[in-house]
Each structure stands twice: as structure tokens, then as C-alpha cells.
Amino acid sequence: MTKELGQPIVEGKNLVKDFPISSNALNKPMMRALNDVSFKLYKSRGLSVVGESGSGKSTSAKMIAKMYAPTSGSIEYKGRDIATITKKNDLMTYREGVQMVWQDPFGSLNPTHTIFHHIARPLHIHKKASSNPKELEEQVYDLLNQVGLTPPKETARKYPHQLSGGQRQRVNLARNIAVGAEVVLADEPTSMLDVSIRAGVLNLMEEMKFEKEMALLYITHDIATARYIAEDLAVMYVGHMVEWGDCEEIIHRPQHPYTRLLVSAVPDPSKSIHTELEGNKGEIPLWTPDSVGCPFAGRCLHATEKCREALPPVTKLADNHFVRCYLFE
Ligand SMILES: Nc1ncnc2c1ncn2[C@@H]1O[C@H](COP(=O)(O)OP(=O)(O)OP(=O)(O)O)[C@@H](O)[C@H]1O
């Protein structure tokens, strides 16, 4: 299947990320937020990353955005290890190509500036703005039109607080288009929006994926929207990818006991995993560099001694379906 997809734009290889648990302690104990995580992002294709709070979803995105360096493993962007991207100009080009969309659309906008400013600024920074003011206006209006913020002239004059949450998130997406982003890392982009307007924003991202040929990483607690916006799915549990591959296949035929729990627990797309799994939390371990076994063992009905002793190997179930569980060894 990867043959047809061509080269990935972004590829994470065996990523490990450790964080200090406490900066004061003498021996600096560490927690392992990500363990042996690998993924690929392709042009015009989406990867949804789903899992409970603390499973490592945001850390994965932040490492792609170069906000954190991996403890080990690597991330390649068009075949180049991003750790080698250090020169100012190269970093600028990378940040132009790889953009983040955050949960809080207001947080990324400056309340003292108009929407016009918010769209024109990235165009200026990335040297894509026309020097002719009239043409620059047209560039901004065109971008606002593309994200459905019409009439664009009126929207451009407004300040962020005069827009709804969904409209603000659309402004952020217009900024991604403005700089010609090839990769959009969206970290729960609709979780702070009213349920009624979430679908519109997700639809827009889906359109951008195809029309602008963007690669999309979509982080969510909501497995129902995971399927709506992406072809691929990665299910994470305590820093590990436990099952990944074709989104529809995994949702219709979940194999890992944790994925099965997720799919059965979230029949209603408006409900979050957090709420649904409450009362069924079992034991969520704190993973450290010394931890062994399967992170789900303490909560798994099928766990055996082996599951507590060593991390299960990866089993390929189909061309695009993988699972990390001894049940499939
Ligand atoms: N800068 C940091 N310093 C220390 N620990 C961190 C840091 N960033 C993340 N962590 C820890 O790493 C683990 C994974 O966090 P991460 O934010 O990636 O999870 P998540 O799946 O995105 O959770 P959520 O859904 O709540 O956003 C958590 O235990 C978190 O406390």
C-alpha cells in the first residue's frame, strides 16, 4: 500500500521521549512519555491519533513541530532528519511547511489585531505577501473565502473576540493555507467548539487535505471523528502505539483489547473517551525507562505473565493493519 502512496512527507521512526518527573529530585527520575512510536504522514492523507489523556498524542505532534527533541529515534521530513534542521532559513522553511493548529483557537490569535492582520502577517513573514496593498487585500479576502469566512471584507475588519470559536479556528486554518503548509498537525482542533459547529471545521480540514494536498495529523479523544477525517488511525495507550493502520478496518474490526474497549465504549460520537471510560480505568501505569511488559496488562482481561514481562512484538495483520499484542503473535 505504501508503494501507491509514494514517499511519506513526515516519518517518525522508533521515537522515544523521556521527561523528568521532578526537576528538584537529585537522581532526576524520568517518565517515558513515548516508547518506540513510528508513523508516516503522506500528502493528501490523514492520520488520526486517538487515546486517553496522557497517552502521548500531543508529545508526538510537538516533536514533529520541533518543540521537543526525541530522546531517541528520529523524525524525517522529506527524507531529512529534522534534528539536522538548525539554520535560521531552514527552520523558517520547515515551520512554513509544518504548521500546528491548537485546541484553543483564541490562544493563537492576538486580541488587539484585526483578522486582516492575522492573515496578512504570515504572508509577510513568509514573503508571500504582495507589495501592492490592493493585491494584498485580495490575497487576504481570497484566503478568508477559501475557509468559508464570508463576506471576507467584513470578516477582515473584525477582531478575534467578534468571531465565534469555529470562525476563529477557520482563521487559523486560513493562516496555514496562507503559508502553503504541507503538513498540518491539529491537536484536538474542535474540542473547545460547540458540538454543532465541529463538523464544519472538520469538513474544512478534510477539504484542505485534498485540495491543498496537505498531510494531516489529527489528534483526538473521539474515535468517531477520527474516522471522519483520516484514512489512517493510530491508537495510543500510555506512550505506546498499540494498534494502527487503516481507520475503517480498525474501527470495524478492532483487534487490540484496548482498541476493542475504546470502540465499544464510544458508540456516540459526541461523547469523549474520558467520560466513557470513567469507572473502567483499572490501573493506568506511570511508564518509566525501566518499565517492562505491555502497558495495558494491568487492565487487560487477557493478560498473562508474559504480558507483564516484555513488551509484545508488532504483528502485521494485513497490508495496513498492525497490532502490538501477544494475542496475535
Ligand atoms: N514538558 C513536559 N514535561 C514533563 N512531562 C510532560 C511534558 N509534556 C508531556 N508530559 C507528560 O507526558 C505524557 C504524555 O503527555 P501528552 O500531552 O503527550 O499526552 P496526550 O495524549 O496528548 O494527553 P491529552 O489528551 O491530555 O492532551 C503525560 O504523562 C504528560 O504529563
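The values are calculated or read from the model by the stated rules, or taken from the named source; none is laboratory data. Note that the structure is a prediction, hence the values are computed from the model and not measured. When we count neighbours, we look across all protein chains shown, and the Cβ atoms used for this are built from the backbone with ideal geometry, even at glycine.
Have a look at Ile64, Ile82 and point out the one that is within 16 Å of the ligand (Cβ to nearest atom), among the aliphatic types (A, V, I, L, M) and buried (at least 18 other Cβ atoms within 10 Å of the Cβ). Explain how you work it out, then say what you get.
On the way: Ile82 fails: within 16 Å of the ligand (Cβ to nearest atom).
Exactly one residue qualifies, and that residue is Ile64.
Could you list all residues from the range 167-209 that are of a type in the set (A, V, I, L, M, F, W, C), assigned to a helix (DSSP H, G or I) and either within 16 Å of the ligand (Cβ to nearest atom) or closer than 13 Å to Gln146 by Cα (or both)?
Val171, Leu173, Ala174, Ile177, Ala178, Val201, Leu204, Met205, Met208
If we keep just the residues of the range 67-79 that are at negative phi and out of contact with any Lys or Arg (no Cβ under 9 Å at 6 or more places or on another chain), which is nearest to the ligand (Cβ to nearest atom)? Even if it seems obvious, please write down each step before you answer.
First, pick out the residues of the range 67-79 that are at negative phi: 67-72, 74-77.
Subsequent filtering for residues that are out of contact with any Lys or Arg (no Cβ under 9 Å at 6 or more places or on another chain) retains 67, 77.
Working: Met67: 9, Tyr77: 20 Å.
Taking the candidates together, the pick is Met67.
Under the condition of being closer than 20 Å to Tyr218 by Cα and more than 16 Å from the chain's Cα centre (by Cα), which residue from the range 18-61 is farthest from the ligand (Cβ to nearest atom)?
Taking the range 18-61 first, the residues closer than 20 Å to Tyr218 by Cα are 33-61.
Then keep just the ones that are more than 16 Å from the chain's Cα centre (by Cα); that gives 35-36.
Details: Asn35: 11, Asp36: 15 Å.
Applying the filter and picking the extreme gives Asp36.
Return only the number of the condition from (1) in contact with an Asp or Glu (Cβ under 8 Å, 6 or more places away or on another chain); (2) part of a loop (DSSP other than H, G, I, E, B) that Met100 does not satisfy.
Only one criterion is unmet by Met100, namely (2).
Within the range 149-184, can you find the residues that are surrounded by 15 or more Cβ atoms within 10 Å (Cβ to Cβ) and either more than 23 Å from the chain's Cα centre (by Cα) or of a type in the set (Ser, Thr, Tyr) (or both)?
If the condition is that a residue be surrounded by 15 or more Cβ atoms within 10 Å (Cβ to Cβ) and either more than 23 Å from the chain's Cα centre (by Cα) or of a type in the set (Ser, Thr, Tyr) (or both), then Leu149, Pro152, Thr155, Ala156, Lys158, Tyr159, Pro160, Leu163 are the ones that fit.
Please pick out the residue among Lys88, Lys17, Lys28 that is without any contact (Cβ under 8 Å) to a residue 12 or more places away in the chain, charged (D, E, K, R) and within 15 Å of Pro289 (Cβ to Cβ).
Sole residue among the options that is without any contact (Cβ under 8 Å) to a residue 12 or more places away in the chain, charged (D, E, K, R) and within 15 Å of Pro289 (Cβ to Cβ): Lys28.
Considering only residues of the range 216-252 that are at pLDDT below 95 and in a loop (DSSP other than H, G, I, E, B), which is farthest from the ligand (Cβ to nearest atom)?
Only one residue tops the list, namely Asp222.
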